[in-house]
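A short write-up of the structure that comes next.
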Amino acid sequence: MKIHIREIDHVVIRATNVEAMARFYCDVLGCSVEKEQRDLGLMQLRAGRSLIDLLQAGAKLDHAGNGVPGTGRNMDHLCLRIEPFDAEALKTQLAECGAQLGELGLRYGADGYGLSLYLFDPEGNMVELKGPPEAARVTSL
């Protein structure tokens, strides 16, 4: 049987402060809390059709061998596809929210090449905000 992947279902980020991380992902990036399981140390955020799970370090579901959260080393980055994508407006809005900005660039993703902007969450994890593919930008002009 061949496995056919349709999309990313969820990403799990280990966190030292789940509440601060939830505020960042909800207030700054527009996610919403979908489900909280405090007894497990888990908060699940809706990000479009996917979920971002925030797992409290040391909680029931956490595994000590998974690395040290808060050092930006528990994953390389999370990419969120957004539309519309206005780089200058995004940079202004994110800076006003106190987000640490990274580089803007043309990068390859699931839909092809398109502009994207890197930024960092409160625990140092890199987040990429990816706009529509170049082909879509050309046909919409």
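Points worth noting:
- Flag if Gly72 is under 28 Å from Ala89 (Cα atoms), modelled with pLDDT of 90 or more and part of a loop (DSSP other than H, G, I, E, B): no
- Index of the failed condition, Arg107 passing every other in (1) closer than 23 Å to Glu7 by Cα; (2) touching a strand residue (DSSP E or B) at 6+ places or on another chain (Cβ under 8 Å); (3) in a loop (DSSP other than H, G, I, E, B): (3)
- Within segment 91-108, being within 16 Å of Lys130 (Cα to Cα) and within 15 Å of the chain's Cα centre (by Cα) holds for Leu94, Leu101, Gly102.
- Single condition Arg81 does not satisfy, out of (1) basic (Lys, Arg); (2) free of Cβ contacts under 8 Å to residues at least 40 places away in the same chain; (3) closer than 25 Å to Leu55 by Cα: (2)
- Residue match in segment 16-35 (condition: in a loop (DSSP other than H, G, I, E, B) and either free of Cβ contacts under 8 Å to residues at least 40 places away in the same chain or among the charged types (D, E, K, R) (or both)): yes
Residue-by-condition table, conditions (1) among the acidic types (Asp, Glu); (2) farther than 25 Å from Thr92 by Cβ; (3) surrounded by fewer than 17 Cβ atoms within 10 Å (Cβ to Cβ):
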residue: Glu19; (1), (2), (3): yes, yes, yes
residue: Tyr25; (1), (2), (3): no, no, no
residue: Ser32; (1), (2), (3): no, no, yes
residue: Gly41; (1), (2), (3): no, yes, no
residue: Ala59; (1), (2), (3): no, yes, yes
residue: His63; (1), (2), (3): no, yes, yes
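The values are calculated or read from the model by the stated rules, or taken from the named source; none is laboratory data. Small disclaimer: the values here were computed from a predicted structure and weren't measured. Cβ sites come from the backbone with ideal geometry, for glycine too, and all protein chains shown count toward neighbours.
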